[in-house]
Amino acid sequence: MTIATLVTSGTASLDRGVYMAQFDVVICGGMVIDGTGNSRYRADVGIRDGVIAEIGRIPADEADDVLDANGLIVAPGFIDLHTHYDAQLFWDPYCSLSGWHGVTSVVIGNCGFGFAPVQPDARERAMLTMVRTEAIPLKSMQLGMPWDWVSFPEFLDSVDRAPKSVNVRSFLPMNPVLIEVMGFERAKAGEVPTDDEHDAMIRILNEALDAGAGGWSVQRLRPESGVNVQRDFDGTPMATDLMHTDTCVKLAAVLAERRRGFIQMTMAGDPAIVDESKRTFELLARVSGRPVLYNVVTAIEHDPSIHRNTLAWLDRCRKEGLQVYGCAITTRNPLMFTFEDWNLFDEADAWREATIGSLEEKLDKLADPARRSALRDAKLMAATCPIDQIVVLGPKSTETMQWKDHTIADIAEATGKHPVDVLLDIAVADRLRTTFYAEPLYTNGAMLKEILDYKWTIPGVSDGGAHTKFLTAGTYPTELITDAVRDMGILELEEAHWRLSALPAHCAGFRDRGTLEVGKAADIVVYDYDNLAQGPAEVAHDLPGGEWRRVRRAKGFRYVLVNGQVTIDDDKETGVASGQLLRDR
């Protein structure tokens, strides 16, 4: 491998004979922000056998390779707790976008969604589930996944074998577990598990923990909650949405017995349901004694009481000694989408039903005047900005080209139509290929500050690997540093790195990484603070089967090291697959 700023290489010849280097790599002359919350300091970092061996003043001739970090920040690699790279990691060792933006460890299997345990005859249905709920292209999964497993331990073995340029830890996802144990029909009907079925789930969880799972995850967006936005392929709730609290408690007790692991749960709804959800989080934290991740903390500009009430509740949990941590959406990247793939209006029955099916079926339904009243009247939550603020970014026909860069509100005023009719008339005229642009949920820096002022929120929720045709939230570490720290002054850089690395490491049970300290794994980012940036939004045709996705690359990462080896050199992939499956044992 060629490193652009290599200073020296090889062994040093001294008078006393051939002197073997003490370090494989020394990162020389950088400003170290170690992730502990301590103040920055200038030092060299010596790495041996993938581990930080020394921090201080290290002569260049004591290293095989020296990386020049003068004028750069040296910090622990970022840890992305909320991703859906369960499929993508098999064809993309970098788990991009995350790996491009300084993330050195990802956690997969979130929201209870995943691919194990899954019997061979259920594989196609498992992939179809992820097509709708996480908007992952079916063809890419069919061509890109090896499917050389049935059980969850076998899945981890397959992940272990796959070349990786980031580290991976996995939850045991509960959706496939419920289906495996109860059968598809009973699990999807939300029936109460029998004692034998509970015993089987506990056995599967223990086997997963034995194999190195980091814990378990679940989405419980109850159908009555009004925000059940992540639906199954056929529009029905996910099996986990109907999962009973008693089942969750039994699984939480397993983590208490094992004295390790953590829980991730997505749960929300109207005020009554929210209160019930919060009590469930508190119960699981009490029973398990382990960290429980709450998804999701986000600001909604028209109702700031939502995030303020959530933060107040999280602080009450903290004061009671309950390890409930809020995972916060801190990126303000916009959404760009077409109705070919759009699924984030699924909490409204009329929209969900109208956007399911083949292209021709969706065209017929979205053009049907008889459906428009229900679509106009539907109460949509905050997946995007209000419909009238959506912009026609990419019209695809002569009929719609006149509206390029106009808001739906502008077009509605010009045509005298309802905004929903404007949106759908344009989409149908373009055979659903129109690209629409939706501003971020909040552009108000003051609201972002309110979320980040509470130090126990974890920035991120990248959803990496999911919603690939309209979401690029994997850029969140870069955005946090450039926007919240450098441009707005909301956070000190030291705290930002603690929030991006050490705090998520604690939740994920990473005892050997998350800070730059002697004896810790050498997962390190070296970047140019003044010139760090997100690249422009692009379309990349780089998924199996020729499928495309939206990406935003990083600018300013001089090096990213994973387990002591350089995986990113001057913002470019080196192809080094030094990532590991991080088994929690």
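Evaluate the following for F345: is it closer than 19 Å to T133 by Cα and more than 22 Å from the chain's Cα centre (by Cα)? Spelling it out, it is not the case that F345 is closer than 19 Å to T133 by Cα and more than 22 Å from the chain's Cα centre (by Cα). Entry remark, segment 199-224: residues being of a type in the set (A, V, I, L, M, F, W, C), part of a helix (DSSP H, G or I) and within 16 Å of A252 (Cα to Cα) number 7 in total. Which of the residues that make up segment 543-570 are in contact (Cβ under 8 Å) with a residue 60 or more places away in the chain, among the charged types (D, E, K, R), in contact with a strand residue (DSSP E or B) (Cβ under 7 Å, 6 or more places away or on another chain) and closer than 26 Å to Y437 by Cβ? Listed by number, the residues that qualify are R549, R550, R552, R553.
Contact map, segment 523-538: residues that are under 20 Å from P76 (Cβ atoms) paired with residues that are among the hydroxyl-bearing types (S, T, Y) and surrounded by fewer than 21 Cβ atoms within 10 Å (Cβ to Cβ), Cβ distance under 6 Å, separation 6+ or inter-chain. Pairs shown: L532/T482.
For segment 119-132, the count of residues that are within 20 Å of P93 (Cβ to Cβ), of a type outside the set (F, W, Y), touching a residue at least 24 places away in the same chain (Cβ under 8 Å) and touching a Phe, Trp or Tyr at 6+ places or on another chain (Cβ under 6 Å) is zero.
Of everything in segment 252-293 that is within 23 Å of T457 (Cβ to Cβ), hydrophobic (A, V, I, L, M, F, W, C) and part of a helix (DSSP H, G or I), the residue that is modelled with the lowest pLDDT is I273. The set of residues in segment 388-422 that are out of contact with any helix residue (DSSP H, G or I) (no Cβ under 7 Å at 6 or more places or on another chain), β-branched (V, I, T) and surrounded by 16 or more Cβ atoms within 10 Å (Cβ to Cβ) contains only V391. The sole residue among T384, T478, T482 that is under 21 Å from the mean Cα position of the chain (by Cα) and assigned by TED's automatic domain parsing to the domain that holds L359 is T384. If you filter segment 295-312 down to residues that are of a type outside the set (S, T, N, Q) and not in a helix (DSSP H, G or I), you find that the one that is nearest to T83 (Cα to Cα) is V296.
For segment 361-376, the set of residues classified as more than 12 Å from D421 (Cα to Cα) and under 32 Å from the mean Cα position of the chain (by Cα) consists of E361, K362, L363, listed by residue number. All of (1) within 18 Å of D349 (Cβ to Cβ); (2) under 31 Å from the mean Cα position of the chain (by Cα); (3) modelled with pLDDT of 95 or more hold for K379 with one exception: (3).
Reported count of residues in segment 148-207, each being among the polar types (S, T, N, Q), closer than 18 Å to A239 by Cβ and touching a helix residue (DSSP H, G or I) at 6+ places or on another chain (Cβ under 6 Å), is 1. Yes or no: segment 401-408 includes at least one residue that is touching a Pro at 6+ places or on another chain (Cβ under 6 Å), closer than 30 Å to V297 by Cβ and without any contact (Cβ under 8 Å) to a residue 24 or more places away in the chain. Yes, segment 401-408 contains a residue that is touching a Pro at 6+ places or on another chain (Cβ under 6 Å), closer than 30 Å to V297 by Cβ and without any contact (Cβ under 8 Å) to a residue 24 or more places away in the chain.
Every test in (1) buried (at least 19 other Cβ atoms within 10 Å of the Cβ); (2) of a type in the set (S, T, Y); (3) over 29 Å from R549 (Cα atoms) is passed by S140 save one, and that test is (3). Within segment 169-195, the residues that satisfy the criterion of being surrounded by 24 or more Cβ atoms within 10 Å (Cβ to Cβ) and either outside the structural domain of A122 (by TED's automatic domain parsing) or not in a helix (DSSP H, G or I) (or both) are R169, S170, F171, L172, P173.
The values are calculated or read from the model by the stated rules, or taken from the named source; none is laboratory data. Note that the coordinates shown come from a computational prediction; the quantities given were computed from them, not determined experimentally. Positions of Cβ are backbone-derived with ideal geometry, glycine not excepted, and every protein chain shown enters the neighbour counts.
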